[in-house]
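S.K.: Could you have a look at this structure, given as structure tokens, before my questions?
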Amino acid sequence: MRLNRLDLNLLIALDALLMERSVTRAAERLKLTPSALSSALSRLREYFDDELLVQVGRKMEPTPRAEGLHDAVRDVLVRIDSTIAIQPDFDPAASDRSFRVCLSDYSQMVLVPHLLALCAQARATVRFEFLPQVSNPARTLERGEADLLVIPWGFLSPDHPKEVLYHEEFVCLVGKGSALASGAFTLERYLAAGHVVMQPPDGAGDSFEAWSLQRHGVARRIAVTTYGFAAVPALVSGSELVATIHSRLAHRFAGMLPLAIRKPPISIEPMQQAMQWHRHRTKDPGLAWLRDTLRRAVRRMDGEDAESQGG
């Protein structure tokens, strides 16, 4: 394929260079020699009449022209991948495809085990790469860095298809022997207590419960911050602290640690946990299979939750 002397391989090289900002790393990514990629960069510079990447100290930085090209190049490559490179049929028991999914450690603990159990039942040979949530998750879809997002509805992009998977309530976790475990759990006691809060790393914004409480004008006295939900229950255990956390996660840890679950003294709207995929990849049969398997994983999770709570 040639676009006025620019062939597809050069676009692939440009994409890798802009992603890695290093000739050596980009060459490793594409399984080429550094000299071959240097040659491709020279042809790209000639075609665009721009340096594209310039050496600044030990790093290469993109020029303004290159920055402007990056999303457009990614979009072209995602379109090609979704319409030409993807096979028309998908057999999970005969595929070595790797799915890249952005989601929190909370989702990995409560939902992913059911996804993997269903994959085992189907003898699926696919692989999964679970990626941390970032400040602009839609860009990971648009740049082809992730196949699927599993995040709260309010953080999804309006530009791509999305679907609610399930609803999640929030509860408060306190140490079983703490003063907060007995007596009326009032708003006054809640606000006076020290709080353990999950703060997403790398400036990825607030967690859902923090965002919800801020909307009510509630300011907590934060005593401890951590970068993952899974650590929160252990940090509360044995202390006089409190954490506002997903109900499913709280019930899982309450059976393992000396913790008590209290109803929040303020209304917190349920979280709509959703999935989102790139608009050009709706008909991708592999992603269609993954979305359907996630729906079944939710039903499996809900059935197990109902059974454990005597439902």
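S.K.: Could you go through the range 17-28 and let me know if any residue there is touching a strand residue (DSSP E or B) at 6+ places or on another chain (Cβ under 9 Å), modelled with pLDDT of 85 or more and basic (Lys, Arg).
M.R.: yes
S.K.: Name the residues in the range 163-190 that are in contact with a Phe, Trp or Tyr (Cβ under 9 Å, 6 or more places away or on another chain) and either surrounded by 15 or more Cβ atoms within 10 Å (Cβ to Cβ) or part of a loop (DSSP other than H, G, I, E, B) (or both), would you?
M.R.: Scanning the range 163-190 gives Glu168, Phe170, Cys172, Leu173, Val174, Leu180.
S.K.: How many residues, within the range 33-67, are exposed (fewer than 12 other Cβ atoms within 10 Å of the Cβ) and within 29 Å of the chain's Cα centre (by Cα)?
M.R.: 2
S.K.: Next question, about the same structure. Does Ser212 satisfy the condition of being assigned by TED's automatic domain parsing to the domain that holds Leu249 and either of a type outside the set (Lys, Arg) or at pLDDT 95 or above (or both)?
M.R.: For Ser212, the condition - assigned by TED's automatic domain parsing to the domain that holds Leu249 and either of a type outside the set (Lys, Arg) or at pLDDT 95 or above (or both) - is met.
S.K.: OK, next. Of the residues Arg291, Arg295, Arg279, which single one is outside the structural domain of Lys176 (by TED's automatic domain parsing), surrounded by fewer than 20 Cβ atoms within 10 Å (Cβ to Cβ), more than 15 Å from Glu209 (Cβ to Cβ) and in contact with a His (Cβ under 9 Å, 6 or more places away or on another chain)?
M.R.: Result: Arg279 is the single residue among Arg291, Arg295, Arg279 that is outside the structural domain of Lys176 (by TED's automatic domain parsing), surrounded by fewer than 20 Cβ atoms within 10 Å (Cβ to Cβ), more than 15 Å from Glu209 (Cβ to Cβ) and in contact with a His (Cβ under 9 Å, 6 or more places away or on another chain).
S.K.: Name the one entry in Arg189, Arg262 that is among the basic types (Lys, Arg), more than 30 Å from Ala297 (Cβ to Cβ) and more than 22 Å from the chain's Cα centre (by Cα).
M.R.: Only one candidate passes the filter, namely Arg189.
S.K.: Could you list, in sequence order, the residues of the range 102-111 that are buried (at least 20 other Cβ atoms within 10 Å of the Cβ) and touching a Leu at 6+ places or on another chain (Cβ under 8 Å)?
M.R.: Cys102, Leu103, Tyr106, Val110, Leu111
S.K.: Could you please find all residues in the range 5-32 being surrounded by 19 or more Cβ atoms within 10 Å (Cβ to Cβ), small (Gly, Ala, Ser) and in contact (Cβ under 8 Å) with a residue 12 or more places away in the chain?
M.R.: Ala13, Ala16, Ala26
S.K.: In the range 234-250, what count of residues is obtained for those that are assigned to a helix (DSSP H, G or I) and under 21 Å from Glu269 (Cα atoms)? Break it down stepwise before answering.
M.R.: Of all residues in the range 234-250, those assigned to a helix (DSSP H, G or I) come to 234-236, 247-250.
Right, trim to under 21 Å from Glu269 (Cα atoms) and you get 247-250.
Number of matching residues: 4.
S.K.: Let me ask you something else. Do the conditions hold for Leu191, that is, is it of a type outside the set (D, E, K, R), at pLDDT 95 or above and touching a strand residue (DSSP E or B) at 6+ places or on another chain (Cβ under 9 Å)? Break it down into steps so the answer makes sense when it comes.
M.R.: On the way: of a type outside the set (D, E, K, R): yes; at pLDDT 95 or above: no; touching a strand residue (DSSP E or B) at 6+ places or on another chain (Cβ under 9 Å): yes.
It is false that Leu191 is of a type outside the set (D, E, K, R), at pLDDT 95 or above and touching a strand residue (DSSP E or B) at 6+ places or on another chain (Cβ under 9 Å).
S.K.: So, in the range 122-149, of the ones that are of a type in the set (A, V, I, L, M) and either farther than 13 Å from Arg279 by Cα or in contact with a helix residue (DSSP H, G or I) (Cβ under 6 Å, 6 or more places away or on another chain) (or both), which residue ends up surrounded by the fewest Cβ atoms within 10 Å (Cβ to Cβ)?
M.R.: Ala122
S.K.: With respect to Pro152, is the statement that it is closer than 30 Å to Trp289 by Cα and free of Cβ contacts under 8 Å to residues at least 12 places away in the same chain true? Talk me through it step by step, then tell me what you get.
M.R.: Working: closer than 30 Å to Trp289 by Cα: yes; free of Cβ contacts under 8 Å to residues at least 12 places away in the same chain: no.
Spelling it out, it is not the case that Pro152 is closer than 30 Å to Trp289 by Cα and free of Cβ contacts under 8 Å to residues at least 12 places away in the same chain.
S.K.: Does the range 156-174 contain at least one residue that is without any contact (Cβ under 8 Å) to a residue 40 or more places away in the chain, of a type in the set (S, T, N, Q) and out of contact with any Lys or Arg (no Cβ under 7 Å at 6 or more places or on another chain)?
M.R.: Filtering the range 156-174 down to residues without any contact (Cβ under 8 Å) to a residue 40 or more places away in the chain leaves 158.
From the residues that got through so far, the ones that are of a type in the set (S, T, N, Q) too are none.
For the range 156-174, residues without any contact (Cβ under 8 Å) to a residue 40 or more places away in the chain, of a type in the set (S, T, N, Q) and out of contact with any Lys or Arg (no Cβ under 7 Å at 6 or more places or on another chain): absent.
S.K.: Moving on. Only one of (1) over 18 Å from the mean Cα position of the chain (by Cα); (2) surrounded by 15 or more Cβ atoms within 10 Å (Cβ to Cβ); (3) closer than 28 Å to Arg139 by Cα fails for Thr244. Which number is that?
M.R.: In the conditions (1) over 18 Å from the mean Cα position of the chain (by Cα); (2) surrounded by 15 or more Cβ atoms within 10 Å (Cβ to Cβ); (3) closer than 28 Å to Arg139 by Cα, Thr244 misses (3) alone.
The values are calculated or read from the model by the stated rules, or taken from the named source; none is laboratory data. Since the structure is predicted, the reported quantities are computational estimates derived from the model, not experimental observations. Backbone-built Cβ (ideal geometry, glycine too); neighbour counts: all protein chains shown.
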